[in-house]
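Note sheet for the following structure.
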Amino acid sequence: MLGPQGIFKPRIMNEVPLSITTAPHGPYDDSFGPDELLRYRYRGTDPNHSDNKGLRFAMERRLPLVYIHGVVPGKYLVTWPVFVVGDDPENLTFSVAVDDARHLGLSDNPSLQMGVREDAETARRTYITAAVRVRLHQRAFRERVLEAYRRQCAFCRLRHEELLDAAHIIPDSEPGGEPVVHNGLSLCTLHHAAFDRYFIGLRPDFTIEVREDLRRERDGPTLLHAIQGLHDSRIVLPRRAEFRPARELLEVRYERFRQAVQRGA
């Protein structure tokens, strides 16, 4: 399924490729355009290269392909089916849209009017491709954050990856909430929830602060050891300085924590 050249065509397939791949840190700058479609780079600069002709053939025949997106080296997210829906020789790119496998036979239905069918097909594929784009970015963000924190919770050092999340310091729905490592923390599910709900704050000097009312509570061992015991401790930091939480983002987040405490959150 995964070819070293990005566009993979097995020997038994004469004209059309089987899959296309975007490699992490690869030589091609594949990206999403303003119409939410993937801009997939030509193989080389010759529009008539056999691989480029194969993708053009797939577009003309409306044939489905497999898209393999590298989120980090060694880890890929596979999406199927995708369709080549546009060709831009001037910019050496194809436009690629994701579809739902349940609709693969729709284009063969003669009872649907051509114009209505194509409009519905374009709208559906644009919507699905946008959703896949978000999923790819979230997956890449998680992998990069967990790798930077050596796959452990920054608060408690739990190393079970199934229980780890990539938490945003500034939510991705807000300005400044980009899915970049210095806006992320590797947190276990418990501490991610506590951080999001302002049970726990993080000072700009990387010191954990637990709400005072929670520090006074008396409950079972989970509250005692997993929450109260974190107060005034420092988090685990990435070894690379550029991956550490950005101080200006922590300042914004910590101020929100203080406001939540004052409101009695």
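Every read-out reported here was derived from the displayed coordinates using simple, explicitly stated rules and does not represent laboratory data. Just so you know, these numbers come straight off a predicted model, no measurement behind them. Glycine gets a Cβ as well: all are built from the backbone with ideal geometry, and neighbour counts include every protein chain shown.
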| task | Net charge near G176: determine it from the other residues with C-beta under 12 Å of the C-beta of G176, scoring Lys and Arg +1 and Asp and Glu -1. | result | -4
| query | Any idea what angle helix 50-61 forms with the longest principal axis of the chain, computed on alpha-carbon atoms, 0 to 90 degrees, nearest 10? | reply | 80
| message | Is the C-alpha gyration tensor of the range 7-147 telling us rounded, prolate or oblate? Criteria: a/c under 1.5 is rounded; beyond that, a/b larger than b/c is prolate, otherwise oblate. | response | oblate
| said: How large is the translational diffusion coefficient of the range 115-208 in µm² per second when you combine the Kirkwood radius over alpha carbon pairs with Stokes-Einstein at 37 °C and 0.692 mPa s? | reply: 221
| note | For the range 176-265, the Cα convex hull volume per residue in Å³ comes to 98
| message | Give me the extension gain from L163 to Y127: residue separation times 0.36 nm, minus the current Cα-Cα distance, reported in nm with one decimal. | response | 9.9 nm
| note | Options [x] 16.9, 51; [y] 23.5, 72; [z] 17.8, 54 for Rg and Dmax of the Cα atoms in Å; the value derived from the coordinates is listed as [y]
| Estimated inter-spin distance, F57 and Q259, nm [label 7 Å along Cα→Cβ] | 5.9
